[in-house]
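Read through the structure below, which is laid out as structure tokens, and then see the notes.
The values are calculated or read from the model by the stated rules, or taken from the named source; none is laboratory data. Here the structure is a predicted model, which means the values were calculated and not measured. Using ideal geometry, Cβ is built from the backbone for each residue, glycine included, and neighbour counts are taken over all protein chains shown.
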Amino acid sequence: MQRKKTSARKIGASDDRRPLGTDVTKIRGSTPTPPKKSPLPQKLAPAQRFPIPGDDGILVCPVGGVGRIGMNWTLYGHAGRWILVDAGSAFVKNATENGCFMPDPRSLRDVLPRLDGLLVTHAHEDHIGAIHHLWPRIGCPIFATPFAATLLKGRLAEKGAQGKAGFRIFKPGDSFKVGPFSIETVPITHSVPECVAMAIETKAGRIFHTGDWKFDPDPLLGNPTDFDRLKRVGDRGVLAMLCDSTNAERDARISSESEVAANLAEVFRTRRGKIAISCFATNLARLTAICRAARMTGRKVALAGRSLEKAEAAGAEVGLLDDRHVILSDSRHLKGLDPHEILLVCTGTQGEERAALAKLARGENWRLPDIGPGDTVIHSARAIPGNEAAIEEVMKRFRARHVEVLMGLDGDKPLHVTGHASRGELKTMYELIRPQFAIPVHGEAAHLAAHGALSLECGARTATLTEEGDVLRVTRNGVERVTKIRIRHLAALESSGEKLVPFEGRVGMMATIPAASVAKAPVIAVRRRGRAARPGSRKAA
């Protein structure tokens, strides 16, 4: 059999050019056979092997969430063991398909026997959306806050996997051990309750993983970010920080959910027709703002969309919602009210064809009120890149019926605020954490590059931009690329009845930027070819 040539790219000047891990395309019979009842496709071409984590460093592998928005998965390895932080999904951006996609767990087959836990930072789809599809296939315990755990338990029950996933519940601010890792959770604000960052400590050093975040001074639900705790983490010393890059290109003032609440109340007061508003299902602070404004202006609230109803029920179960008494049990009950009393909260912020907002625009759901002249539709969310056209198609239908459409603003007053940190907030985070090395994550290539340059301005020694599947080794001497794993994907599509099917689409970039080089040049992806290892060589890294 003729062997294919293999090649690998390395990180800039600090690369030690060590041999990469085993190329298992040359090892006969290396692909494991899935269990008979597995919903996953039965064939998967083998890929390069994960190294065994050593004691003198921390392995970091962004399985997803770099080079794209969504599908955030990050592996950390040390002393022969691994943890996974978040397991999200991403939208399938296809004109003929609806659904989501996620990493194929068989791409991680070397890791799974050594995986001590999944740690959930917060309950957004791009961080938890794959879990109910892949558990108990991935059989490790799930560490989550009460709200995230309640949502996940409900989804697993719908999949017939109730009781097959072990949960370890923690509250924001708790500390605990997972294998050789000591985890300290730090309460931080985002557009979902009970969001945490994580300080991950090992004998080789400490890494700080922010998850998604912003510094909201008045988040409506929960407490503001714990700045004192962030500073204490930085005081103890941080080797590397993996930090949200979504708004790294934006210079913007700090915004707050409380500001949106006041502006929504003004819209509800000044419009005399029916109002429909779309927001992310898990943004319980936004739902709280809507309910309070409705109570102040004499409107009754109904929810349209299963994910919204489930998030509201989960929030009520764990004691996060105190204004739910204005929510009607069924959207059909709105039909007997006067127009100025009607307020409908919808799913479908990204233009999803089968979501409540799109059905409302088409007028095809008899359970929902008719929307027409004199009525108002509010899009209280941000378009995820790639979904702009789908959202506009929905809004065109409303405008054609002479409906007022407010796209996140009423004049210059915001009806939506971002849940992600802008450049000023990122600078503050770097001042608090003071990492030696920056590894930007959670963003498209331009976001990562802007974040990398900013981190060097803030004092990081290097900024490493990665592709999905890059395995990095972090030590006190720096960040080096050890190998690259080909990450394959599965999709749960409407056309397949949400059964998992193979799905492809890779993105990303890779570079290490020394601090000295950035003053004169933009962030540039350095690409060098390295030697492939002989089959059979798999050492601790």
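Annotation note: Cβ proximity below 6 Å between a residue of segment 111-126 that is at negative phi and a residue that is charged (D, E, K, R) and surrounded by 24 or more Cβ atoms within 10 Å (Cβ to Cβ) (sequence gap 6+ or interchain) occurs for THR121/ASP86.
Take the conditions assigned by TED's automatic domain parsing to the domain that holds ASP228 and buried (at least 21 other Cβ atoms within 10 Å of the Cβ) and apply them to ALA438. Does it pass?
Working: assigned by TED's automatic domain parsing to the domain that holds ASP228: yes; buried (at least 21 other Cβ atoms within 10 Å of the Cβ): yes.
Here the answer is yes, as ALA438 does meet what is asked.
Can you tell which of ILE254, ILE200 is assigned to a strand (DSSP E or B), among the β-branched types (Val, Ile, Thr) and either closer than 30 Å to ARG114 by Cα or under 22 Å from the mean Cα position of the chain (by Cα) (or both)? Walk me through it before giving the result.
Values: ILE254 fails: assigned to a strand (DSSP E or B).
Testing whether each residue is assigned to a strand (DSSP E or B), among the β-branched types (Val, Ile, Thr) and either closer than 30 Å to ARG114 by Cα or under 22 Å from the mean Cα position of the chain (by Cα) (or both) leaves just ILE200.
Could you count how many residues in segment 443-464 are in a loop (DSSP other than H, G, I, E, B) and either at pLDDT 95 or above or among the β-branched types (Val, Ile, Thr) (or both)? Before you say what the answer is, go through the steps one by one.
Quick first cut of segment 443-464, residues in a loop (DSSP other than H, G, I, E, B) only: 444, 458-461.
Of the ones still in play, those that are also either at pLDDT 95 or above or among the β-branched types (Val, Ile, Thr) (or both) are 458-461.
Total meeting the criteria: 4.
Against the list (1) under 30 Å from GLY57 (Cα atoms); (2) out of contact with any Phe, Trp or Tyr (no Cβ under 9 Å at 6 or more places or on another chain); (3) surrounded by fewer than 23 Cβ atoms within 10 Å (Cβ to Cβ), the condition CYS458 fails is (2).
From ALA313, ALA302, ALA262, ALA276, grab the single residue that is in contact with a strand residue (DSSP E or B) (Cβ under 9 Å, 6 or more places away or on another chain), surrounded by fewer than 20 Cβ atoms within 10 Å (Cβ to Cβ) and outside the structural domain of SER175 (by TED's automatic domain parsing). Before the answer, list the steps.
On the way: ALA313 fails: in contact with a strand residue (DSSP E or B) (Cβ under 9 Å, 6 or more places away or on another chain); ALA302 fails: surrounded by fewer than 20 Cβ atoms within 10 Å (Cβ to Cβ); ALA276 fails: surrounded by fewer than 20 Cβ atoms within 10 Å (Cβ to Cβ).
When all the criteria are applied, what remains is ALA262.
Applying the condition of being in a loop (DSSP other than H, G, I, E, B) and of a type in the set (Val, Ile, Thr) to segment 97-138 and asking which residue is modelled with the lowest pLDDT yields ILE138. Note on segment 323-430: enclosed strands (runs of 3 or more DSSP E) holding 3 or more residues that are outside the structural domain of GLY67 (by TED's automatic domain parsing), touching a residue at least 60 places away in the same chain (Cβ under 8 Å) and surrounded by 21 or more Cβ atoms within 10 Å (Cβ to Cβ) are 342-346, 376-379. Screening segment 141-165 for residues that are outside any helix (DSSP H, G or I) and modelled with pLDDT of 95 or more and picking the one that is surrounded by the fewest Cβ atoms within 10 Å (Cβ to Cβ) gives PRO141. When we screen GLU388, GLU341 for residues that are farther than 24 Å from THR270 by Cβ and charged (D, E, K, R), the only hit is GLU388. Just the residues that are more than 17 Å from the chain's Cα centre (by Cα), in a loop (DSSP other than H, G, I, E, B) and on the phi > 0 side of the Ramachandran plot, please, taken from segment 203-247. Correct list: LEU220, GLY222, GLY237. Within segment 483-515, the set of residues being at pLDDT below 75, outside any strand (DSSP E or B) and β-branched (Val, Ile, Thr) comprises VAL507 only.
Being over 17 Å from the mean Cα position of the chain (by Cα), in a loop (DSSP other than H, G, I, E, B) and over 20 Å from GLU431 (Cβ atoms) narrows it down to one residue among LYS171, LYS177; which is it? It would help to see each step written out before you state the result.
Details: LYS177 fails: in a loop (DSSP other than H, G, I, E, B).
Every option except LYS171 fails the conditions.
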